[in-house]
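All remarks here apply to the structure that follows.
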Amino acid sequence: MRTFLVSVAVAALLAACSPPASQDTAERPGEPPAVAACNDIAPNAARQVSVGDEVVTAAAAADLRGGSIAPGTYDLTSVTRVGSPTGWTGTRSVSLAVSEEVNGGVIFNWSGAPPSGERDTWTASFTEAPQPHITFTCGRIGGADIDFAVEGNALLLRMPDGATGALALSFERRP
């Protein structure tokens, strides 16, 4: 009987020392939902860029002839709307990390943030043939045909913006 009482007392002490069960997030109103980060790239907050006015039709249709994209991290230096208005408002800093996989594939890791700091990240695999295309693997769904060109340390991308227009993005490679 004594062993039984000691066992009950020990069990009661352990139960009293155990942490409380985690509360469901529904019980914490006002807390924003957690967003999974697709990468740990940090945009350069000092380089806030806003969307410029639409480029002239001839410039918007310019052929971006591709090239060899060097692995590394690129910072956005300018962005211009092409076609319909974009959903991008205000300023934001954006960094794009480009890496190569063992099998020869190319990965884009995007990280953008407005001055307030909430990060928007996505990851996509990039292929050049038959048409330059990105396929989102985190943060977005689907894929998009894009155009690109490499000029020295500059990477130029023309990507759909999710509406009926596109964005002409200019990046500069970090040293």
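Taken together, the values in this text are just the output of simple stated rules run on the coordinates, not laboratory data. Please read all numbers here as calculations on a predicted model, not as lab measurements. We place every Cβ from the backbone using ideal geometry, glycine too, and count neighbours over all the protein chains shown.
Charged neighbours of residue 75, selected by a Cβ distance under 14 Å, balance to +3 (K, R count +1; D, E count -1). The spacing between region 63-103 and region 121-175, judged by their C-alpha centroids, is 6 Å.
Placing dummy labels 7 Å off each Cα toward the beta-carbon, the span from residue 129 to residue 70 is 2.5 nm.
Computed from phi, the 3J(HN,Hα) profile of region 102-118 under the Karplus parametrisation 6.51, -1.76, 1.60 (θ = phi - 60°) reads 4, 7, x, x, 10, 10, 9, 10, 9, 9, x, 7, x, x, 6, x, 5 Hz, with x in place of Gly and Pro.
Local charge for residue 94 was computed over the other residues whose Cβ lies under 12 Å away, with Lys and Arg +1 and Asp and Glu -1, and equals 0. Residues whose amide H comes within less than 5 Å of that of residue 137, counting only those at least five positions distant or on another chain, are 123, 124, 125 (H built at 1.01 Å from N in the peptide plane). Each Lys or Arg adds one and each Asp or Glu takes one away; over the other residues whose Cβ falls under 12 Å from the Cβ of residue 37, this sums to -2.
For the residues 123, 135, what sequence is obtained by ranking on other C-beta atoms within 10 Å, fewest first?
135, 123
Going by a ≥ b ≥ c, the root eigenvalues of the Cα gyration tensor, does region 49-173 fall in the rounded group (a/c under 1.5), the prolate group (a/b larger than b/c) or the oblate group? It is rounded, given that a/c, with a ≥ b ≥ c, falls under 1.5. Computed on region 49-173, with alpha-carbon pairs under 8 angstrom and 6+ residues apart, the relative contact order is 27 percent.
Would you order 68, 111 from fewest to most other beta-carbon atoms within 10 Å of each residue's own beta-carbon?
Going from least to most buried by this count: 68, 111.
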